[in-house]
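Q: Before I ask anything, here is the structure I am working with.
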Amino acid sequence: MNIRVVLKYLCLLCVGSCCLSAASADEKIAEKLKDSLVYVKISVYPYDQYRPWKKADVQEKSTYGCAVGPYQVLTTTYNISDATFVSIRIDAQNEYIPATVEVIDYESNLCLLRLEPNELAGPLVPIKFSENYKKGAEVQSYWFSYKGHIYSGRGFIDRAEVLKSSRSYAQFLNYVVSNASQRTSSAEVYFLGKKAIGIACWSSDEQEAGLISAEVINHFLADAAGSPKAAYEGFPVLGFSAIWLIDPTRRRYLKMPESMQKGVFVSDVYNLGTGSEELQQADIILEIDGISIDAHGRFKHPKFGLISFEHLITRRKVGETIKFEVWRDGKKQQLKVKARSFKASEMLVPYYEYDSQPQYMVIGGFILQKLTRGYLAARGEDWAGTADPHVFHYYRELAYKPTDERKDIVVLSYVLPAEINLGYQRLGSIVVSRFNGKDITSIKDLVEARQLETDSKYHVIEFENDNPVVVIPRKGLDLIDAQIAQRYGIQNLIHIEP
Amino acid sequence: MSYFRKRLVRLSAVCIVFVWAGLWMQNIATAEDEREQNIEQSVVLIRCVQQDFDYITPWKQTSMVQGVGSGFVITGNRILTNAHNVSNIRYVELKKQNFAKRYPAKVEFIGHDCDLAILSVFDQSFFEGTWPLEFGGIPKVNTTVSTYGFPLGGQHISVTEGVVSRIQMDTYSHTGADSHLVIQTDAAINPGNSGGPVMQNGKVVGVAFQGIRLAENIGYMIPTTVIQHFLDDVNDGRYDSYGSLGFSYYRGLHNPGYKDYLKVPQEQDGVIVLRTTMNSSAEDVLQAGDVITQIDEYNVDDDGMVKIHDLTLLMGEVIEQKQIGESVEVTFFRDGQMRREKITIALNRPIMEYARSYDKAPGYVVFAGLTFVPVTRNFLENWGRDWLSDIPFCLRYLFSYSSQLNTERQRKGYIVLSEILSDKVNSYCGGFKSQVVETINGDTVYSLDDVAQACRKSTDSFCTIKFMGVEKPLILDAKQALESHEPILRKYQIPAESRMEKQL
């Protein structure tokens, strides 16, 4: 046996033992995590958007989570929205343990569940999220399956990227993992070495997985810990949209000196969110908090490299002042921009309305409803292409622009056929403009409008565009409404929040 | 003797009767055969080459297709057929059954909105042995009709019998927008049958023209009322098409409360005017909320129907009986008062044309590689079968709501940036493709005519184009744009920088 062969064997032995030690390191982490990882089971019972007085089918859903406090579990909002009952399973106990939603934030897609201490045999072991990041590093994922095992997968950190969550309009810092060995999108915890760095929130067919980063998680946990549940303010979100400014002709048109190559173009300013009051359409954002923004809207992050400027806003706390340097009217201007968040319900057409009943009024069989994205999306897969274009334009073009004159869009959804609405039964998907002479600026106006013009024989509803005027006789209406409610199984003819 | 004579006379009388009856029967048989033969000889096979334009880059034409259809001889040595058989043609020829000879032909008149066309033949010997077919009326439901034609391109005539199952107003799929009277039969109507006569008692009662893809044994024919309208229209040497009054209405006066609210007597039926088309003949006469109760002498019911041709049909059928320039008398209620006014029938087309167009070279303007075309149905159908849901939102909104969104009387249409012929000057314009132009260098664009001039009118060193619903304008370096204009035309082999829409 020559020396080469001996060396080869030695090498192989070394590699083998390395693998063994790596595997045992994984096992050690997995063992440590058994009192931290949980399986979450949820009963979801959402409302039926087209019959808003009733609920759709009950669905059983599941996700994963991890302890972030002795009696607190962190997960994503997927499958938690419209939950009626949440329970968890842990390694140490056989039975499901009831949990309640303490804070749910659809913008950052994070949810904090609370457990009753007396339901648990002992406190959970919290995981701390560390803001470690190393491009190209191998990462491991862990989750506690419904079978009672801790499963694991692996991948490599490919990049940090600011991405829009499919749950909301907000954009947050994600770590993108490539070559992920398993599909992970349900709050599986990712580790870089021994440190937890994020939880999974999406995966793709290209074996990529997105992680909600430790920075975002820690921001969320700090906010959630610092205030009572009702006062949770969430993250500041953008009150404008910005697009690339790479066209040299456009830069000259905007009177920018040739030496100035940075800056991103503000294409639209909303009526809500950060910058909505301070910025103007056609401003060019040059710097945020003294950090240069390039023509693609990116800045150089010391850890993550080039990432989108939105992170400079979402990383701040609501109410703080953010310094903007903008190019406006051919010169630099300094702006003090207040970091603002907003609730989806403040939007002209709310992006989501989870966990609440759609607002509506049924009168004479006419179903008047508040327009939301959820209502439009309930049409099915091609909802954007098949919705009435006039109704849809309120969502597409004006969703972030509520005004005092227009806080909600109220639509006549459709008509429940009855004798009282003869001739009108094919009306639907049209926008209410006036009710008994009152301009309808929000769904709440319906309640007041219904009490108006009491001397008239009729309730009169008018619509935008070329539509007939709906005339509903007042005489005997209560009785007719009661009959309609009974016939169509409507428990409540109205649900409008005060 | 006298008895004998009597019998003989009787017998001979009986014989004569028999002989007469025999002769008569023979005569009938011969006449029917002859008529059948005449019909068959008068039905012709139409072959043509069709080629449409590319509506995104309209200086180009799409690939050629060969079309086959049927037609038949009518008075004046003319051939009647469907417009869709001979639209966008580059060449057309006719063939008679049992004759090898081909006869090149020419389209004399074409009515796309009613899917009818008249052809003439250069060689008049074509008409030897043919017989101009006569027109009958509207056949009754549940009576038998025979369809003649050359389905699926066969050389021999095919005759199928069917029953008239329904008569109603429906959409003519050739333009996809116009609606006229149609007769439904269960006779199989297949591609190639189109343009063939549908006969009853030796007379033409319709022209076979369309079927339903998803239904079996449902075929449609164009009734003689529509054919007659077309023939009358072309009498002056030009086809003007169907006209209208120019208003939209709602059929919902079944509701007694609504009737009361609009101050219309409860016993009165009618329809409610929702809008008059801008610049239409009805614009100065009617207004939203008027209730139309009568058109000419025809009472309008709550479903918007009138009793006409012994049928109950949509009130539009009254207008369909008349030509552009004629008028109808409209009776309507406004504020409880009954009024009667004359309205002239005119084209009154909407600002965004819903109908597919043919035989027109579409207009365009190219400036610095930016291609501008009018928004038409033909342009939108480039998005494929589900174009209505797949087109960009701004186009879908305009297509559905142009009459509500447009407030400018001088507007003739909408112009879209259909294509960008890439060059350095327009490298950053990609995001504006398929957007609708609002202004160019500050000038509002109301039609294609405005585009070329506005593009060259740069007030400073920039050419700015603003699109509807887009805050950010498209910016070009004006000098660079002018300099690169000609080289781009050459590079992309564009024969001319612009062409206004041209009838072929």
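Q: Using only the heavy atoms of the protein chains and a 1.4 Å probe, how would A:V349, B:V470 rank by accessible area, largest first?
A: Numbers: A:V349 0, B:V470 35 Å².
Listed by decreasing accessible area, they come as B:V470, A:V349.
Q: How much accessible surface area, in Å² rounded to 10, belongs to the heavy atoms of A:H459 with a 1.4 Å probe?
A: Only protein atoms counted, so the area is about 10 Å².
Q: Rounded to whole Å and ordered largest first, report the semi-axes of the equivalent ellipsoid of region A:189-346 derived from its Cα gyration tensor (root of 5λ).
A: Working: eigenvalues 186, 86, 37 Å².
Computed over region A:189-346, the values are 31, 21, 14 Å.
Q: Can you run phi through the Karplus equation (6.51, -1.76, 1.60; θ = phi - 60°) for region A:193-207 and list ³J(HN,Hα) in whole Hz, with x for Gly and Pro?
A: Calculated HN-Hα couplings, in order: x, 9, 9, 6, 10, x, 10, 6, 10, 7, 9, 10, 5, 8, 6 Hz.
Q: Same structure, new question: When Lys and Arg each count +1 and Asp and Glu each count -1, what net charge do the other residues less than 12 Å away from B:D359, Cβ to Cβ, add up to?
A: +2
Q: What angle do you read, to the nearest 10 degrees and between 0 and 90, between the alpha-carbon axis of helix B:393-405 and the longest principal axis of chain B?
A: 80 degrees
Q: Let's see if you can work this out: charge +1 on each Lys and Arg Cβ, -1 on each Asp and Glu Cβ, no other charges. What is the dipole magnitude of region B:40-188 about its Cα centre, in debye to the nearest 20?
A: Details: 11 positive and 14 negative charges, 77 e Å.
Computed charge dipole of region B:40-188: roughly 360 debye.
Q: On to the next question. Tell me the mean residue ellipticity at 222 nm calculated for chain B from its helices only (DSSP H runs of n ≥ 4, each -39500 (n - 2.57), averaged over every residue, nearest 500).
A: -6500 deg cm²/dmol
Q: Still on this model: With label points built 7 Å along Cα→Cβ from the Cα atoms of A:D355 and A:K135, find their separation and express it in nm.
A: 3.8 nm
Q: So, one more: Taking amide hydrogens as modeled 1.01 Å from N in the peptide plane, which residues meet the under 5 Å criterion relative to A:A56, leaving out close sequence neighbours?
A: Result for A:A56 returns A:Y47, A:D48.
Q: Would you mind getting me the FRET efficiency between B:E341 and B:L421? Use the beta-carbon distance for r and R0 = 45 Å, nearest 0.05.
A: 0.30
Q: Excluding same-chain residues fewer than 8 positions from B:K140, which lysines have a Cα within less than 28 Å of its Cα?
A: B:K203, B:K307, B:K322
Q: Next up: Name the GluC sites (Glu not before Pro) in region A:298-342 that are in a loop by DSSP and that have at most 15 other C-beta atoms within 10 Å, would you?
A: Working: sites: A:E310, A:E320, A:E325; in loops: A:E320.
Those satisfying the criteria are A:E320.
Q: Now a separate question. Can you give me the pair-distance distribution of chain A, C-alpha pairs, 10 Å bins, whole percents?
A: For chain A, the pair-distance distribution reads 4, 16, 22, 22, 18, 11, 5, 1, 1, 0, 0, 0.
Q: Given the protein chains as shown and a 1.4 Å probe, how many square angstrom of A:F299 are accessible, to the nearest 10?
A: 10 Å²
Q: What's the carbon and sulfur percent of region B:143-284's accessible surface, probe 1.4 angstrom, rounded to a whole number?
A: Details: 2480 of 5610 Å².
After summing per-atom areas, the C and S share lands at 44 percent.
Q: Take B:W131, A:W202 and sort them by solvent-accessible surface of the protein heavy atoms, 1.4 Å probe, largest at the top. All intermediate terms of the calculation are to be shown ahead of the outcome.
A: Working: B:W131 140, A:W202 70 Å².
Highest to lowest solvent-accessible surface, that is B:W131, A:W202.
Q: Quick check: pseudo-label points 7 Å beyond the Cα along Cα→Cβ at A:V125 and A:R328, how many nm apart are they?
A: According to this spin-label approximation, the distance is 5.4 nm.
Q: To continue, here is another question. How high is the FRET efficiency between A:Q207 and B:H309 when r is their beta carbon distance and R₀ equals 56 Å, given to the nearest 0.05? Present the calculation step by step, with values, prior to reporting the outcome.
A: On the way: r = 68 Å, r/R0 = 1.22.
Efficiency, from the Cβ-Cβ distance: 0.25.
Q: Okay, next question. Charges at C-beta only: +1 for Lys and Arg, -1 for Asp and Glu. How large is the resulting dipole of chain B about its Cα centre, in Debye rounded to 20? Before the final figure, lay out each step's value.
A: Numbers: 49 positive and 60 negative charges, 222 e Å.
Result for chain B is approximately 1060 debye, rounded to the nearest 20.
Q: Whole-Hz ³J(HN,Hα) for each residue in region A:239-251, computed from phi via Karplus 6.51 cos²θ - 1.76 cosθ + 1.60 with θ = phi - 60°, x for glycine and proline: what do you get?
A: These are the phi-based 3J(HN,Hα) values: x, 7, 10, 10, 10, 4, 10, 9, 7, x, 5, 5, 5 Hz.
Q: Beyond a 28 Å Cα-Cα separation, which of these cross-linked pairs lie in this structure: A:K41/A:K444; B:K412/B:K466; A:K135/A:K262; A:K41/A:K128; B:K60/B:K95? Present the calculation step by step, with values, prior to reporting the outcome.
A: Details: A:K41/A:K444 36 Å; B:K412/B:K466 18 Å; A:K135/A:K262 26 Å; A:K41/A:K128 23 Å; B:K60/B:K95 31 Å.
Where the Cα-Cα span goes over 28 Å, the pairs concerned are A:K41/A:K444; B:K60/B:K95.
Q: In addition: In whole Å, largest first, what are the principal axis extents of the Cα atoms in the protein assembly as shown?
A: 143, 78, 76 Å, listed from the longest principal axis down.
Q: If you don't mind, another one. Can you give the local net charge around A:V86? Use residues other than it whose beta-carbon is closer than 14 angstrom to its beta-carbon, Lys and Arg +1, Asp and Glu -1. Working shown, then result.
A: Details: positive: A:K41, A:K61, A:R89, A:R114; negative: A:E60, A:D82, A:E102, A:E116, A:E119, A:D355.
After counting each charged neighbour, the total is -2.
Q: Taking a probe of 1.4 Å, how large is the accessible area per residue of the protein assembly as shown, in Å²? Present the calculation step by step, with values, prior to reporting the outcome.
A: Details: 46200 Å² over 1002 residues.
Per residue, the protein assembly as shown has 46 Å² of solvent-accessible surface.
Q: Rank by packing, highest mean first: peptides A:100-112, A:49-61, with packing defined as the count of other Cβ atoms within 10 Å averaged across residues. Walk me through the numbers on the way to the answer.
A: Details: A:100-112: 22.6, A:49-61: 15.0.
Packing proxy ranking, top to bottom: A:100-112, A:49-61.
Q: Ok, one more. How large is ³J(HN,Hα) for each residue in region B:261-266, as worked out from phi by the Karplus curve 6.51 cos²θ - 1.76 cosθ + 1.60 (θ = phi - 60°), to whole Hz, x for Gly and Pro?
A: After applying 6.51 cos²θ - 1.76 cosθ + 1.60, I find 4, 8, 6, 10, x, 4 Hz.
Q: Here is a further query. Between B:Q410 and B:S63, what FRET efficiency comes out of the Förster formula 1/(1 + (r/R0)^6) with R0 = 41 Å and r the beta carbon distance, rounded to 0.05? Write down the numbers at each step before the final one.
A: Numbers: r = 38 Å, r/R0 = 0.93.
About 0.60, to the nearest 0.05.
Q: What does the accessible area of B:H309 come to, in Å² to the nearest 10, when a probe of 1.4 Å is used?
A: Accessible surface of B:H309 is approximately 60 Å².
Q: Which value, in debye to the nearest 20, gives the size of the charge dipole of region A:188-275 about its Cα centre, when Lys and Arg are +1 and Asp and Glu are -1 at the Cβ? Provide the component values of the computation, followed by the final result.
A: Working: 8 positive and 10 negative charges, 95 e Å.
Computed charge dipole of region A:188-275: roughly 460 debye.
Q: Report, in degrees rounded to the nearest 10, the 0 to 90 angle that the Cα long axis of helix B:478-491 makes with the longest principal axis of chain B.
A: Helix B:478-491 and the main axis of chain B meet at about 40 degrees.
Q: If you don't mind, another one. Among residues other than B:A105 whose Cβ falls under 11 Å from its Cβ, what is the net charge (Lys/Arg +1, Asp/Glu -1)? If you can, show how the numbers build up before the last one.
A: Numbers: positive: B:R47, B:R78, B:K95, B:R102, B:K106; negative: B:E93, B:E108, B:D123.
Residues close to B:A105 contribute a combined charge of +2.
Q: Something else now. To the nearest 10 degrees, how steep is helix B:2-42 against the longest Cα principal axis of chain B, on a 0 to 90 scale?
A: Tilt relative to chain B: about 20 degrees.
Q: In terms of solvent-accessible area of protein heavy atoms at a 1.4 angstrom probe, what is the ranking of B:K95, A:K28, B:K433, A:K331, highest value first?
A: Working: B:K95 15, A:K28 140, B:K433 85, A:K331 110 Å².
Largest accessible area first, the list is A:K28, A:K331, B:K433, B:K95.
Q: Something else: Name the long-range amide H neighbours of B:V182: under 5 Å, sequence gap of 5 or more, or other chain; modelled H, no Pro or chain starts.
A: B:Q168, B:M169, B:D170
Q: Still on this structure, please answer the following. Using a cut-off of 18 Å between alpha-carbon atoms, which lysines can reach A:K317, once sequence neighbours fewer than 8 places away in the same chain are excluded?
A: Filter leaves A:K229, A:K336, A:K338, A:K343.
Q: Simple spin-label model, 7 Å along Cα-to-Cβ: A:T84 to A:E448 in nm?
A: Modelled inter-label distance: 3.6 nm.
Q: Quick check: residue separation of B:D240 and B:R166 times 0.36 nm, minus the Cα distance between them. What number comes out in nm?
A: Between B:D240 and B:R166, full extension yields 23.8 nm more.
The values are calculated or read from the model by the stated rules, or taken from the named source; none is laboratory data. Values in this document were obtained by computation on a predicted structure and should not be read as measured data. Methodologically, a virtual Cβ is constructed for each residue, glycine included, from the backbone with ideal geometry; neighbour enumeration extends over all protein chains shown. When the accessible area is computed, the model is the full protein with side chains, heavy atoms only, and any ligands, DNA or RNA have been set aside. Shrake-Rupley method; radii C 1.70, N 1.55, O 1.52, S 1.80 Å.
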